[in-house]
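Remarks on the structure that follows.
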Amino acid sequence: MVGGTFDPLHDGHKKLLERSFKLAGDDGEVIIGLSSDKFASWKSHTIRPYKERRSDLVAFLNEAGFGASWMIEVLNDRFGSSLDVDFDALVVSEETFRTGLEINDLRKKNNMKKVDIHQITCVLAEDGRWISSTRIHRGEIDDHGRLLR
C-alpha cells in the first residue's frame, strides 16, 4: 500500500511507486491511495483535479509495465483503507514515515496485524534538496529536480 497526492507526478513519487511494485513482486497487488480533491486542499499550492491526477498516475503505471496488479483508491484522510484491510507492507517516504508508524499503532489497537514499513529516501534535486511538489509549483525545479531559476 502506498499513497499520495501525486501532483505533479515527479521522480520522487516514481521512486515510491517503483519500490512498492518491487516489494509486491509480479504476483502481488499494490493499492495506491490518491488524495481526494477535498483532502488535498490543505496543500500550500493549488492541486489539479483528482480526475487529472488519476489519469497521469494511470498513464505512468501503464507505461512502466509493472508485473503486479494495482488498484487506485480515493484517499479522504491520511489512512485510507489501511486501518480496515489486510495487507503486508506500507511504502512511505521520509516525510510520511510517522504516518506509517501511526497506522501500525492504530492497527494494533484494533487487533489487526502490524504491517512492514518500507521507507524510501527522498530523491534529491540538482541543488541537493528534496524534490517536492511544492518546489515544482514554486518554479524552483522541474519534475526531475533540475533547477529552473
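Values quoted throughout were computed directly from the atomic coordinates according to the rules given, and no laboratory measurement underlies them. Just so you know, these numbers come straight off a predicted model, no measurement behind them. Quick reminder, even Gly has a Cβ in these numbers, built from the backbone with ideal geometry, and neighbours come from all protein chains shown.
Remarks
- Of the helices (runs of 4 or more DSSP H) lying entirely inside the range 1-118, the ones with 3 or more residues being within 22 Å of Asp142 (Cα to Cα) are found at 11-24, 50-64.
- Any chance Ile131 is hydrophobic (A, V, I, L, M, F, W, C) and in contact with a helix residue (DSSP H, G or I) (Cβ under 7 Å, 6 or more places away or on another chain): yes
- Close Cβ contacts (under 6 Å, 6 or more residues apart or on different chains) running from residues in the range 31-51 that are touching a residue at least 12 places away in the same chain (Cβ under 8 Å) and within 19 Å of Ser82 (Cβ to Cβ) to residues that are of a type in the set (Val, Ile, Thr) and part of a loop (DSSP other than H, G, I, E, B) comprise Ser35/Thr5; Ala40/Thr5; Ala40/Ile47.
- Of the residues making up the range 36-50, not a single one is out of contact with any helix residue (DSSP H, G or I) (no Cβ under 7 Å at 6 or more places or on another chain) and under 15 Å from Asp116 (Cα atoms).
- Hits in the range 123-143 - residues which are under 17 Å from the mean Cα position of the chain (by Cα) and surrounded by fewer than 17 Cβ atoms within 10 Å (Cβ to Cβ): Leu124, Thr134, Asp143
- Residue check, Leu83 hydrophobic (A, V, I, L, M, F, W, C) and over 20 Å from Lys14 (Cα atoms): yes
- A count restricted to the range 73-98 and to residues that are buried (at least 17 other Cβ atoms within 10 Å of the Cβ) and in contact with a Lys or Arg (Cβ under 9 Å, 6 or more places away or on another chain) stands at 5.
- Odd one out for Arg54, checked against (1) farther than 16 Å from Ile117 by Cα; (2) touching a residue at least 60 places away in the same chain (Cβ under 8 Å): (2)
- Positions within the range 99-122 being closer than 20 Å to Lys14 by Cα, of a type in the set (Val, Ile, Thr) and surrounded by 14 or more Cβ atoms within 10 Å (Cβ to Cβ), in sequence order: Thr99, Ile117, Ile120
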